[in-house]
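Following: one structure in structure tokens, then a few remarks.
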Amino acid sequence: MSDSPVFEYESAFSRNFGWVTRAEQQQLRNTRVAIAGLGGVGGFHLLTLARLGIGRFSIADFDTFDLVNFNRQAGAGMQSIGRQKSEVMMDMARDINPEIDFRVFAEGVQAHNIDQFLADVDIYIDGLDFFVFSARQMTFAACRERGIPAVTAAPLGMGTAVLSFLPGSMSFEDYFGFEGCTDDEKALRFLVGLAPKGLHRPYLVEPSSLSLAERRGPSTNMACQICAGAAATEALKILLRRGEVRAAPWGFQFDAYRQRLVRTWRPGGHRNPLQRLLLALGRIALKKQQDAAPPGP
């Protein structure tokens, strides 16, 4: 009977050498990344960063896996139905690197645990569901207060839209302007703010599948995996302090279906005149969709 395989960090991540130095790999090994939300994008964020050799994580998710997660979530499968996402994803990451130091917040990120969640964190990666607004506001604000870089990569169509919020740059609130808004307005501002160019819109073949008012929208596995690659690359550049990182109000959207990449720049964020126009048009479209919806029971 053969001996059980032995894990050895340097060997496991030796193929990173060349793109990172050996000293940088050790720096990544001693880095702590926080990820809130381990569903669509968050699970792929965790596994991608684990394969990069990140050695410490703080992860938060209160949800369990279900059949509707199968099309896009890294941990979703028949064996994981009903299991805590945080537990499943921790097991998957530790299968890559058994030495990972985890802090798990199985009730999700909350006001009472935000200090512990962000303790000793070097960077925050947003994995929350699109429509989770209050937790997202709170977490980005807490990162801002603590000088923690924060990256959000949204899965849109078959691509991603990426924004980085760095210490000393524009804040999440200044860019999106959520304060005092209804959830409908927050949904609109988040969508338009993430992807002002809207590369994904032309190939939405069933527009009725997207309803900001009803908090639902279509998704693809391809977008989630593209998000993880883009966010991990931003994280690497920020953590190792090399390569250009353009913080908000700069952003970028890449769409694999249309084979297009655009940089976006919205000085003033939601106050930008062009952004205000897009939001006004969005409100009209949202109102039409609400008026056309069948009455409830």
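Rounded to whole Hz and in sequence order, give me ³J(HN,Hα) for region 164-176 from the Karplus expression 6.51 cos²θ - 1.76 cosθ + 1.60, θ = phi - 60°, writing x for Gly and Pro.
10, 10, 10, x, x, 9, 4, 7, 4, 5, 5, 6, 8
In what sequence do 17, 44 fall when counting other Cβ within 10 Å, fewest first?
Ordered by Cβ neighbours within 10 Å, fewest first: 17, 44.
Largest first and in whole Å, what are the equivalent-ellipsoid semi-axes of region 189-242 based on the Cα gyration tensor, each being the root of 5 times an eigenvalue?
28, 13, 11
Would you list the P(r) distribution for region 65-112, with all Cα-Cα distances sorted into 5 Å bins from 0 and each bin expressed as a whole %?
5, 21, 25, 20, 19, 9, 2
Let me know the charge dipole size of region 1-160 about its Cα centre in debye, to the nearest 20, where only the beta-carbon of Lys, Arg (+1) and Asp, Glu (-1) is charged.
Charge dipole of region 1-160: 340 debye, to the nearest 20.
Rg/Rh for region 18-72: what does it come to with C-alpha atoms and Rh from Kirkwood?
So for region 18-72, dividing Rg by the Kirkwood Rh gives 1.09.
Is there a quick way to get the dipole size of the chain? I mean about its Cα centre, with the Cβ of Lys and Arg at +1 and of Asp and Glu at -1; what is the value in debye to the nearest 20?
1220
Determine the sum of side-chain charges near residue 166: Lys and Arg each +1, Asp and Glu each -1, restricted to other residues whose C-beta is under 15 angstrom from that of residue 166.
-1
Give the whole-number value, in cubic angstrom per residue, of the convex hull volume spanned by the C-alpha atoms of the chain.
Taking only Cα atoms, the chain has a hull volume of 158 Å³ per residue.
Amide H of residue 156 versus every other amide H placed in the peptide plane: which residues, excluding those fewer than 5 positions away on the same chain, fall under 5 Å?
Result for residue 156 returns 161.
When each pair of different Cα atoms in region 47-157 is counted once in the 1/r mean, what is the Kirkwood radius in angstroms, to one decimal?
So the Kirkwood estimate lands at 14.9 Å.
So what is the calculated 222 nm ellipticity per residue for the chain, using -39500 (n - 2.57) for each DSSP H run with n of 4 or more, over all residues, to the nearest 500 deg cm²/dmol?
Estimated from H runs of four or more residues: -11000 deg cm²/dmol.
Which of the lysines could a cross-linker span from residue 288 if the Cα-Cα distance has to be under 20 Å and same-chain partners fewer than 8 positions apart are dropped?
Qualifying lysines at Cα under 20 Å: 186.
Please list, in chain and number order, the residues 5+ apart from residue 210 or on another chain whose amide H is under 5 Å from its amide H, with Hs placed from the backbone.
When sequence neighbours closer than 5 places are left aside, there are no close amide H contacts.
Determine the relative contact order of region 125-216: mean sequence separation of Cα pairs under 8 Å and six or more apart, normalised by residue count, in whole percent.
Normalised by residue count, the contact order of region 125-216 is 24 percent.
Residue separation times 0.36 nm, minus the C-alpha to C-alpha distance between residue 138 and residue 3: what's the value?
That works out to 43.8 nm of additional length.
Read the figures in this text as sums done on the coordinates, not as results from a lab. Bear in mind that the values here come from a model prediction, so they are computed numbers and not experimental data. Here the Cβ is made from the backbone with ideal geometry for all residues, glycine too, and neighbour counts use every protein chain on show.
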